[in-house]
Amino acid sequence: MRRWFLAALTAATLGALSPAQAQDAAQRPGQPDVSRISGGTYEVDANHTQVIWSVDHLGFTPLSGMFGRMSGTLLLDPKAPEAAKLAITIPMEGLVVTSPRFAEHLASAEFFDAAKFPTATFTSTRVTVRGTEATIAGELTLHGVTRPVTLEARFIGAGYNPQHKAENVGFTASASLKRSDFGLGEAVPMVSDEVTLTIVGAFKKRPT
């Protein structure tokens, strides 16, 4: 039943594309097929993993920035997907925004206080799997404060990456949080307290 579902999912995904797009997709090393996941410990691909945050700025526009340069591990067992463990470290120096001046403001003691709190971390506590989607409950430590945060994740693809010469897996995820919960409530409500997170997670299997 599970393999039938995966085959149907792959067919439905490719069927939504034009013939040329489907042909290109079929040639890519990553495919939406969980049977390609062999299991083990996977390390964050820092070049292709990102956390994009977005807030409402003064009611005029959404404003976004991105965290990168992350490190961490994902433990996966395809026979027991709910036993997965995720641990991520997010360096504040990996923050990218629209201007150097804005970056300096966010790094200052008025906001992230990056000199005192140079990293944030997320550690999963429970994973609930529904086919190729999962709810990942965990604890986010940011600005010296630890709070529960839940990620809604979706499997994108797996396969052998010829550049890394290793098995790769990829996911997307979304979440929301209140920045004031982490002592980052400056300018609320002019700048929204609620922060929307859009996450791209790329992982490569650690050699055994």
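The values are calculated or read from the model by the stated rules, or taken from the named source; none is laboratory data. Predicted model only: the values in this text are computed from it and were never measured. A quick note on method: Cβ atoms are made from the backbone with ideal geometry, for glycine too, and the neighbour counts reach across all protein chains shown. Heavy atoms of the whole protein, side chains included, go into the accessibility calculation; ligands, DNA and RNA do not. Shrake-Rupley method; radii C 1.70, N 1.55, O 1.52, S 1.80 Å.
Quick notes
- The loop-placed chymotrypsin sites (Phe, Trp or Tyr not before Pro) in the stretch 52-89, going by DSSP, that have at most 16 neighbouring Cβ atoms within 10 Å of their Cβ come out as Phe60.
- In the context of the full set of protein chains, the chain has a per residue accessible area of 57 Å² (1.4 Å probe).
- Of all aspartates and glutamates in the structure, those lying under 17 Å Cα to Cα from Lys116, and not within fewer than 8 positions of it along the same chain, are Glu93, Glu104.
- Reach of Lys165 by Cα under 26 Å, taken over lysines that are not fewer than 8 positions away in the same chain: Lys79, Lys85, Lys204, Lys205
- Treating r as the C-beta distance of Thr119 and Lys79 and R0 as 35 Å, the FRET efficiency rounds to 0.60.
- Our helix-only sum for the chain, with -39,500 (n - 2.57) per DSSP H run of n ≥ 4 divided by its residues, gives a mean residue ellipticity at 222 nm of -4500 deg cm²/dmol.
- The chain, accessible surface, carbon-and-sulfur percent (1.4 angstrom probe): 58
- For the pair Ser108 and Thr208 in one chain, pulling the backbone fully straight at 0.36 nm per residue adds 31.8 nm over the alpha carbon distance.
- Net charge contributed by nearby residues that have their C-beta within less than 9 Å of Ser124 (K/R +1, D/E -1): +1
- Stretchable slack from Thr41 to Lys178, in nm (0.36 nm times residue separation minus alpha-carbon distance): 46.2 nm
- Between Tyr160 and Val200, the simple spin-label model (points 7 angstrom out along Cα→Cβ) gives 2.5 nm.
- Cβ-defined net charge surrounding Glu82, 11 Å radius [Lys, Arg +1; Asp, Glu -1]: +3
- Taking every Cα-Cα distance in the stretch 143-208 and sorting them into 10 Å bins starting at zero, the pair-distance distribution P(r) comes out as 18, 32, 25, 18, 7, 0 percent.
- Derived from the Cα gyration tensor, the three semi-axes of the equivalent ellipsoid of the chain are 33, 19, 17 Å, largest first.
- Summed residue charge, Cβ within 10 Å of Ser180's Cβ, Lys/Arg positive, Asp/Glu negative: -2
- Linear extension gain, Val191 paired with Glu93, 0.36 nm per residue minus alpha-carbon span: 33.0 nm
- Exposed trypsin sites (Lys or Arg not before Pro) absent: longest stretch of the chain, with sites in DSSP loops and at most 14 other Cβ within 10 Å deemed exposed: 1-78
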